[in-house]
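Note sheet for the following structure.
Bear in mind that the values in this text are calculations on the coordinates, not laboratory data. For clarity, every value in this text was computed on a predicted model and none was experimentally measured. Neighbour counts are summed over all protein chains in view; Cβ atoms, including those assigned to glycine, are modelled from backbone coordinates with ideal geometry.
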Ligand code: PEP
């Protein structure tokens, strides 16, 4: 099956009203020439503003997290999927390694958040990936198999059918040290085979993004991998120019 390439940005805890507005203006101009799906996941407070700015384009706005609670209630500080959808979000990053590591998100929480996203009509971009220690100890496939197993066991079928997976080796995030195209393709093929063991049809249509120091100058080599369906881009998504250049690298 031919999978359309998808480039998603993750602004992390960066940005300002001015930056959102400038980004929106640049994307309105560039979007007609970009032949791929696009989303930009910004801090909660900017989601609505970005969604409005991108209204006339095929570029979606998204968030970087959501509550695992679906219904409103006494959960101080939390934001649920329906609130995000009401503000114009179409995507939400789930289980980013920074949330797994710094905020104690377990595989079970990641499953619950992916389910909560789907319940609200959002597409979860679910992140998986190994640390440097795990890679050096030859544990990459075990770690990924565990993370994927949690998803195939815990998620409903409709969630797995609709989600986007992002393979993000932790050692490549924000380090300037991307995986090589060969490393990325080989892990993506492994990830797809793990999903195929569970359901070959879903595995075939599942978008698997690569994330970790993707830049305009390494994007096209990474995208050449048969199982690399696009990118989740952190630092280089903060500037419209580099985000657009990455999208232009789609073959
Ligand atoms: C990320 O935050 O998901 C990411 C991949 O960051 P960077 O592109 O900066 O490595």
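The table for this structure:
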| item | result |
| --- | --- |
| Percent antiparallel among DSSP beta bridges (both partners in region 6-248, rounded to 5) | 0 |
| Ellipticity estimate at 222 nm from DSSP helix runs (n ≥ 4, -39,500 (n - 2.57)) divided over the chain, nearest 500 | -13500 deg cm²/dmol |
| Part-to-part distance (alpha-carbon centres) for region 204-224 and region 1-80, which is given in Å | 19 |
| Neighbour-count ranking [beta-carbon atoms within 10 angstrom, fewest first] of 171, 11, 198 | 198, 171, 11 |
| Exposure proxy ranking, count of Cβ atoms within 10 Å, fewest first, for 13, 83, 163 | 13, 83, 163 |
| Prolate/oblate/rounded label for region 6-248 (Cα gyration tensor, a/c 1.5) | oblate |
| Proxy reagent accessibility, fewest Cβ within 10 Å first, across 239, 113, 12 | 239, 12, 113 |
